[in-house]
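Q: Below you'll find the structure I mean.
The values are calculated or read from the model by the stated rules, or taken from the named source; none is laboratory data. These numbers were taken from a predicted model, which means no experiment stands behind them. All Cβ positions, glycine included, derive from the backbone under ideal geometry; neighbour counts span all protein chains shown.
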Amino acid sequence: MVTVIDQGRASEVEARVDGGRVLLSADALRAALGWELHEGTLCNDTMCVPVPAGSRLGEGGVFDLGEVAAALDRPLALDTDARAAFVGASAGERAQALGSLLAPDFTLPDLAGRPHTLSSHRGKKILLVTWASW
Amino acid sequence: MWQALYEELRDRDFVVIAVALDQSADAARPWIEKAAPTYPALIDTQHVVADLYNVVNVPTALWIDERGRIVRPNDVVFGSDTFKHITNLESARPLAAVRAWVRGETAGFAPANARALQTLPTALDQQARAEFGLAEWLARHGRRDAAERHFVRAGELAPHDFTIRRGSMPIRGMDPMGPQFREMLQTWVGGGRPYYRPLPDTRG
């Protein structure tokens with residue numbers, strides 16, 4: 001088993017570690033990241049992205065997690081000893097969102113664990129401040 | 001420390017949203033309890049906001065207007081002058097600017113100017129955030145040695161990102177005010193690189 005963390009959401013999936021690679025079945029890929037291969041494109045619930053020409057992604061029902069992340073333009077941090085992988089957010093996607101100037105939405109808890117969502121304050125001017133105890 | 005500003009302006013459709021980039025709610029708790037905020041004071045152990053807004057140090061503040069648009073991108077804003085002797089940044093001017101904006105006396109930046117002042121994340125920045133995310137998860141699951149490898153890697157990939165380099169210190173058993181931080185800071189600043197990067201009109 002390998003733990004695949006999709007921007008914070010961790011899934012334990014069947015996988016084979018081969019050298020520096022993590023190899024997943026189509027089912028494991030769907031369970032971990034929500035993507036499936038359809039006729040040369042990777043699709044999730046909302047969109048499809050083409051797989052690079054000449055890619056062997058999904059050949060024999062095997063998906064190299066590194067190749068999947070590359071096709072999605074997302075960074076992959078991998079620890080084969082710990083059998084854990086983190087798939088981060090695409091720089092292009094982040095840059096495009098910020099460049100639109102529409103404030104990216106998020107939901108985070110307060111000290112009591114109550115969730116708060118940025119967009120629920122629409123209609124107000126917001127000073128968004130990050131700080132830390134360190 | 002934002003409570004006074006919030007109290008002063010809350011009747012003008014204004015809210016402060018404070019996000020602590022800390023390893024746990026308990027790490028941030030003493031400060032939040034002391035400030036007794038009536039605005040949302042949130043805990044972001046996985047640096048979700050740092051990822052979404054390309055935040056690389058604290059404090060970082062930005063202005064979001066009534067329509068949910070960023071009208072002033074990432075800036076260095078202190079809520080008080082507690083650290084002025086170290087930072088050389090006064091809180092008075094940025095706070096006066098917030099007041100004037102909330103009262104409608106001034107506007108934020110026009111879109112083209114706001115965009116020009118944004119710092120956008122590179123592929124390396126996002127690789128560093130993925131390494132940090134993996135490290136944070138490994139640390140939380142008791143895999144300290146594996147976590148350490150990825151905290152180090154994250155810091156190497158994005159040496160300017162102190163939410164990673166300094167922010168990971170408490171998780172790694174280092175004192176974020178101690179010798180390791182001072183050495184990191186000295187090396188960084190000694191190379192002519194600023195630790196804080198305020199917008200030009202805050203720098204003054």
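Q: Residues to consider are A:Ala28, A:Ala10; find the one that is modelled with pLDDT of 95 or more and crowded, with 17+ Cβ neighbours inside 10 Å. Outline the logic, then answer.
A: Details: A:Ala10 fails: crowded, with 17+ Cβ neighbours inside 10 Å.
Going through A:Ala28, A:Ala10 in turn, the sole match is A:Ala28.
Q: Quick one: in the stretch B:23-47, which of the residues that are at the interface with chain A (Cβ under 7 Å from one of its Cβ atoms) and in contact (Cβ under 8 Å) with a residue 40 or more places away in the chain is farthest from A:Gly8 (Cα to Cα)?
A: B:Ala27
Let's see how each residue does on (1) under 22 Å from A:Arg9 (Cβ atoms); (2) in contact with a Gly (Cβ under 9 Å, 6 or more places away or on another chain); (3) at the interface with another protein chain (Cβ under 7 Å from one of its Cβ atoms); (4) in a helix (DSSP H, G or I):
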| residue | (1), (2), (3), (4) |
| --- | --- |
| B:Gly108 | no, no, no, no |
| B:Thr119 | no, no, no, no |
| B:Gln126 | yes, yes, yes, yes |
| B:Gly133 | yes, yes, yes, yes |
| B:Gly142 | yes, no, no, no |
| B:Ala147 | yes, no, no, yes |
| B:Pro159 | no, no, no, no |
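Q: Please note which strands (runs of 3 or more DSSP E) are completely contained in the stretch A:73-134 and include at least 3 residues that are without any contact (Cβ under 8 Å) to a residue 40 or more places away in the chain and crowded, with 19+ Cβ neighbours inside 10 Å.
A: A:76-79, A:125-131
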